[in-house]
Amino acid sequence: MGIDDVPLAIREKFEIYEWKHSIAILKNDFQNEWKDILDMLEALTIPANWIKTPGGRKSEIAKWLDAFLSKRGWTEKSFQTAIRVDEAEIDSPTHKVDCFKNRIALELEWNNKDPFFDRDLNNFRLLFDLRTVSVGIIITRCDDLQKCFKKIGRGKSYGASTTHMKKLLPRIEGGGGAGCPVLVFGIRRRCIEEQTE
């Protein structure tokens, strides 16, 4: 099992990277969540005006993704964690996860500063070690979308130090997520709707 188990229509829309057999785990042990993810990826189409519109707290892509998955029981999730040694207890809070359901954590990093990848992977690592997350998923953008952004007139807003595949994969391969299985989907040009004007 592996990337070839992802439907062709999704493989054409996304660059896919798998770490530690994440697809096999999802496909066999979390079939409902895997179906949710595949359905969401198949349905995702990004209108050019979502890219043109300056970002706020949450991008239009994030709003769409949240709305799609929330209908299937995914929620934004914070975890209360602590370290206890004898009678001493120290809070060890994690960062909230964008979308969470049944031990599957999903983060969207569309246009953040690239250190957000470190935060996500560290979160996945800790929650995996605590037996709370079985697979971490990150959705980001492919490097070659920069040409599309320039064409739309938003190239400066999506710079080299923001989140995209080239910034993420070395972090995973360098052990950023430790033992946590990770699956990455990089949004390709095929996901962007052509401009109509």
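The values are calculated or read from the model by the stated rules, or taken from the named source; none is laboratory data. The structure displayed is predicted, hence computed values, not measured ones. Note that we place each Cβ from the backbone using ideal geometry, even for glycine, and neighbour counts take in every protein chain shown.
Confirm whether THR75 is of a type outside the set (Gly, Ala, Ser), surrounded by fewer than 16 Cβ atoms within 10 Å (Cβ to Cβ) and under 23 Å from GLU18 (Cα atoms). When the stated conditions are applied, THR75 does not pass them. Looking at the structure I just gave you, is LEU126 aliphatic (A, V, I, L, M) and within 14 Å of the chain's Cα centre (by Cα)? No, not satisfied. Sub-6 Å Cβ pairs linking a first residue in the stretch 20-43 that is under 23 Å from ARG189 (Cα atoms) and touching a residue at least 12 places away in the same chain (Cβ under 8 Å) to a second residue that is assigned to a helix (DSSP H, G or I) and of a type in the set (Phe, Trp, Tyr), at least 6 apart or interchain, are MET40/PHE68, ordered by first then second residue. Among the residues in the stretch 105-121, are any surrounded by fewer than 20 Cβ atoms within 10 Å (Cβ to Cβ), closer than 28 Å to ASN28 by Cβ and not hydroxyl-bearing (Ser, Thr, Tyr)? Looking for residues that are surrounded by fewer than 20 Cβ atoms within 10 Å (Cβ to Cβ), closer than 28 Å to ASN28 by Cβ and not hydroxyl-bearing (Ser, Thr, Tyr), one finds none in the stretch 105-121, hence no.
Table: residues versus (1) over 19 Å from LEU183 (Cα atoms); (2) in a helix (DSSP H, G or I).
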position	(1), (2)
ARG11	no, yes
ILE16	no, no
ILE23	no, yes
TRP34	no, yes
LEU41	no, yes
TRP50	yes, yes
TRP64	yes, yes
GLY73	yes, no
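The residues on offer are LYS27, LYS52, and the sole one that is in contact with a helix residue (DSSP H, G or I) (Cβ under 7 Å, 6 or more places away or on another chain), modelled with pLDDT of 85 or more and not hydrophobic (A, V, I, L, M, F, W, C) is LYS27. It is to be established whether one or more residues within the stretch 122-129 are part of a loop (DSSP other than H, G, I, E, B), within 24 Å of ILE16 (Cα to Cα) and modelled with pLDDT of 75 or more. The answer is no, given that none of the residues of the stretch 122-129 is part of a loop (DSSP other than H, G, I, E, B), within 24 Å of ILE16 (Cα to Cα) and modelled with pLDDT of 75 or more.
Can you confirm whether the stretch 79-91 contains a residue that is at pLDDT below 80, within 15 Å of the chain's Cα centre (by Cα), more than 24 Å from HIS21 (Cα to Cα) and surrounded by 12 or more Cβ atoms within 10 Å (Cβ to Cβ)? No, there is no match, as no residue in the stretch 79-91 is at pLDDT below 80, within 15 Å of the chain's Cα centre (by Cα), more than 24 Å from HIS21 (Cα to Cα) and surrounded by 12 or more Cβ atoms within 10 Å (Cβ to Cβ).
Given the residues GLU60, GLU33, which is the only one that is of a type in the set (Asp, Glu) and in contact with a Lys or Arg (Cβ under 7 Å, 6 or more places away or on another chain)?
Numbers: GLU60 fails: in contact with a Lys or Arg (Cβ under 7 Å, 6 or more places away or on another chain).
The match here is GLU33.
Between GLU60, GLU15, the distinction of being in contact with a Pro (Cβ under 9 Å, 6 or more places away or on another chain) and acidic (Asp, Glu) belongs to GLU60 only.
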